[in-house]
Amino acid sequence: PSYDYYANPAAILFVHSDLQLVTDLQTCVKAQYSEAYARQVDLSNLLKASRTICYLQEHGIGSREELRQEKSNAVERVSSAETALEKTEEQIRKINEKIHYAGQYYSTKAVNKEYKKTLVKSWFRRQHTEELDRYDEAVSYFKNTIGERIPPMKDLKQRKEDLLQQKARQENALRIAVGDRNELKTAAYNVSWILSTEKVN
């Protein structure tokens, strides 16, 4: 459009819209005792209302039903973004657990190899109880707990890096989705105020 609505809010009055501005603007209790304050509230409310209409037109929202649908879609996008982020965070938790046990396995692998070669296993185990127990724990984790072969450490670290990058993207997408949702909630509330109908919570 050719109008700069934010610089000249009154220009919105000359733009076609399915929404109707009302002049009976709601004021607070304080405004009932101060005419100057009431005028200030009226002007502020008119500016907010005009900006709301600009927002709706800029986003191609031409009816209250479309606004309700857009708000509903935005709420769903936030929910989906939150769910995706939670799944990624759970994957990061699991990969950290795998890195922990893989590190435990690789750091004790040599001791276990010596243990298998030694002739006096009981003596060797007494000397290296902690290392052998940690080795057994790591092997049991991969074999019995998650049912996977022990992967190379570099693969696990690369997977973690990929997940961290994915998390950063998802956090950014969530911030945008939350911003959109909040804008649409504000717009829905303002439209209800403008049309003097029931306020949207």
Subtracting the Cα-Cα distance of R169 and R125 from 0.36 nm times their residue separation yields 11.0 nm
Mind grabbing the accessible area of Y106 for me, 1.4 Å probe, Å², rounded to tens? 90 Å²
For L43 and T118 in the same chain, what is the full-extension length gain: residue separation times 0.36 nm, less their Cα-Cα distance, in nm? 18.1 nm
How would you classify segment 81-127 from its alpha-carbon gyration tensor, with a ≥ b ≥ c the square roots of the eigenvalues: rounded for a/c under 1.5, else prolate if a/b is greater than b/c, otherwise oblate? prolate
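Mind scanning K113/K143; K87/K143; K48/K71; K116/K154; K117/K143; K109/K167 and naming the pairs with a C-alpha gap bigger than 30 Å? Please list the in-between numbers first.
Numbers: K113/K143 18 Å; K87/K143 24 Å; K48/K71 19 Å; K116/K154 27 Å; K117/K143 23 Å; K109/K167 33 Å.
Over 30 Å Cα-Cα: K109/K167.
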Which whole-number percent is the relative contact order of segment 30-159 (Cα, under 8 Å, 6+ apart)? 20 percent
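The values are calculated or read from the model by the stated rules, or taken from the named source; none is laboratory data. Keep in mind the model is a prediction, meaning the values are calculated, not measured. For accessibility, only protein heavy atoms count, side chains too; no ligands or nucleic acids. Shrake-Rupley method; radii C 1.70, N 1.55, O 1.52, S 1.80 Å.
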